[in-house]
Amino acid sequence: MTFEKVLILSATSGAGHVRAGEALERAFIETGAAREVRHIDTLEYTNKLFRHLYSKAYIDMVNRAPEVMGWLYDQFDKPWKNERRRLAFDKLNTRPFVKMLREYQPEIIICTHFLPSEIISWLKAKKRLDSRQAIVVTDFDVHAMWLAHHYEHYFVAIDETRAHLETLGITAQKIAVTGIPIDPVFSRKRDKIEMRRKHGLAEDRVTILVSAGGFGVGPVEHLITSLADLRHKAQIIVICGRNEELKKRAERAARASSAHSVDFRIMGFTTEMDELMAASDILLGKPGGLTTSEALASGLVFVIVNPIPGQEERNADHLLEEGAAIRCNNLPVLAYKIDRLLDDESRFEEMRKNVERMARPRAAFEIVETLVELKKQNRI
C-alpha cells in the first residue's frame, strides 16, 4: 500500500529540521511508499522579514546571546499556554504557505518543524484542509511548541518523550518511538579501517570528529588550541560547515598549535559525514538532535562542549544519563578530560555499548513503515 501524495515540511531554523526532512524523503523514495513525495522548506512560503527571524536571527542568537535563547526556550515551554498568540503571528506571515497547501492537497503531511504543524492543525480544525498530519519531533525532549490539537500521529526519539506527551494529553496509540530520522546512509555498516584509508587517515590513531554543525557555529578555534594538549596520539577532523571565515580561523589555529602527538585536518561543508563518522571514535561538539542521532548510529562516544541552552542542554542530559557522553564545561581542561577517558579502556568500551543501545539508524525507515501500516489499518 502506498500514499498518493506525501508532503514533508521542514524549516531552515538550524540545519537539523531540514536534514530530518531530507532523510524521510529518501526513505519514502527507497521504499517506494509514495507515488509522489515532495519536501519543502516552509520558510520559502513566508515573507522576507519572517524568514529572517526564523533563520538568520536564530543563528545570530546562538552565536551572540545563547543565554537569551535558553531563556526564550524556557519561557515558551508552557504546554497549551501561548498557542493562540503564536498562531496569530504565524497566520499573518504564512499566507502563501496556506495557499500552497490548499492547492497541492497532499494525502499526508509530515512536519519536522513545529511552525508548519500548528498551521496545519488550525486548518484542519477549520475544516479547510483534509490532509492527515504526522509530527516528527527532532530533539530527544519535546517542547511545548510541538504540541498540536489536530494530528494523526507523533514520532519521538525515546520512551521518556512518549511518556511526557502522554501526560500532556496526547493519546498513547498516536505516539511511536522510532528515533530521530537521519539519512538512510547511516543505516549501512561501514568498516572503520576502510573509511580511514579512503580519507587518507592514519589507521592506528584515535580519531576525533569535531562538528560545528551545517552553519558552522561555535568556538572551533578555541577547541583546536585545547585539543593540541592531548597526550594520546590522535587525529582530529574539524568540520566547519559553510562558514568560510570560521574555516580560515580554524586553519590558523591548527598551524599555530605545536602538537607533536596531534594531527589536524580542517574541512568545510561535506556530504561525506557518514564516512567521516564511520572513520572516527569520538564526536566532539554540540548535541543537536540530528548530529547526536547520526553519531549514535555511527557508534561514536560523545564529548559535549558548549551546548546551546534549551534543546541542546536537554539532549545533553539524556546522553549523560545513558552513559553515552562526557561533558566539558571548561575548554582549558578539554584535553585532560579526553585523555582521562582514553586512559580507562573499560569505561570507554562500556560507553560504546551504551551508544549502541541508544542508536536508531533506521529511524527514517521505521517512520515510513509505521505510516504505511497505519494507513493499512485505516488509522491515518
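For segment 330-348, the count of residues that are within 22 Å of Ile180 (Cα to Cα) and buried (at least 18 other Cβ atoms within 10 Å of the Cβ) is zero. When restricted to residues that are within 15 Å of Val206 (Cα to Cα) and among the hydrophobic types (A, V, I, L, M, F, W, C), segment 235-258 contains 3.
When segment 148-160 is limited to residues that are within 20 Å of the chain's Cα centre (by Cα) and surrounded by fewer than 21 Cβ atoms within 10 Å (Cβ to Cβ), the one that is nearest to Pro361 (Cα to Cα) turns out to be Ile158.
Counting only strands (runs of 3 or more DSSP E) that sit wholly inside segment 128-190, those with at least 3 residues that are among the aliphatic types (A, V, I, L, M) and closer than 20 Å to Arg379 by Cβ are 132-136, 175-177. If you go through segment 122-137 and keep only what is among the hydrophobic types (A, V, I, L, M, F, W, C) and either buried (at least 22 other Cβ atoms within 10 Å of the Cβ) or at pLDDT 90 or above (or both), you end up with Leu129, Ala134, Ile135, Val136, Val137.
Among the residues making up segment 31-49, those that are in a helix (DSSP H, G or I) and surrounded by 19 or more Cβ atoms within 10 Å (Cβ to Cβ) are Thr42, Leu43, Tyr45. Just a yes or no: is a residue in segment 196-203 in contact with a Cys (Cβ under 6 Å, 6 or more places away or on another chain) and under 30 Å from Leu24 (Cα atoms)? No: segment 196-203 contains no residue that is in contact with a Cys (Cβ under 6 Å, 6 or more places away or on another chain) and under 30 Å from Leu24 (Cα atoms). Return the residue satisfying two criteria in turn: it lies in segment 18-30 and is surrounded by fewer than 24 Cβ atoms within 10 Å (Cβ to Cβ) and touching a strand residue (DSSP E or B) at 6+ places or on another chain (Cβ under 7 Å), and of such residues it is nearest to Thr138 (Cα to Cα). Of everything passing the filter in segment 18-30, Val18 is nearest to Thr138 (Cα to Cα).
Enumerate the helices (runs of 4 or more DSSP H) found wholly within segment 222-306, keeping only those where 2 or more residues are at pLDDT below 95, surrounded by 20 or more Cβ atoms within 10 Å (Cβ to Cβ) and more than 16 Å from the chain's Cα centre (by Cα).
244-256
Of the residues making up segment 168-191, those that are surrounded by 15 or more Cβ atoms within 10 Å (Cβ to Cβ) and in contact (Cβ under 8 Å) with a residue 24 or more places away in the chain number 12.
Out of all the residues in segment 92-116, which are modelled with pLDDT under 85 and surrounded by 14 or more Cβ atoms within 10 Å (Cβ to Cβ)? Listed by number, the residues that qualify are Asn93, Thr94.
All conditions in (1) more than 23 Å from Val372 (Cα to Cα); (2) of a type outside the set (D, E, K, R); (3) surrounded by fewer than 21 Cβ atoms within 10 Å (Cβ to Cβ) hold for Ile119, with the sole exception of (3).
Anything in segment 309-323 that is in contact with a helix residue (DSSP H, G or I) (Cβ under 8 Å, 6 or more places away or on another chain) and either surrounded by fewer than 24 Cβ atoms within 10 Å (Cβ to Cβ) or not assigned by TED's automatic domain parsing to the domain that holds Leu276 (or both)? List them, or say none. Passing the criteria: Pro309, Gly310, Glu313, His318, Glu322, Gly323. When segment 322-355 is examined, which residues are found to be charged (D, E, K, R), farther than 24 Å from Asp229 by Cβ and either touching a residue at least 60 places away in the same chain (Cβ under 8 Å) or not in a helix (DSSP H, G or I) (or both)? Glu322, the sole residue that qualifies.
If the condition is being outside any strand (DSSP E or B) and among the small types (Gly, Ala, Ser), then segment 1-30 contributes Ala11, Ser13, Gly14, Ala15, Gly16, Ala20, Gly21, Ala23, Ala27.
The values are calculated or read from the model by the stated rules, or taken from the named source; none is laboratory data. Quick caveat: nothing in here was measured; it's all calculated off a predicted structure. Neighbour counts run over all protein chains shown; Cβ positions are idealised from the backbone, glycine included.
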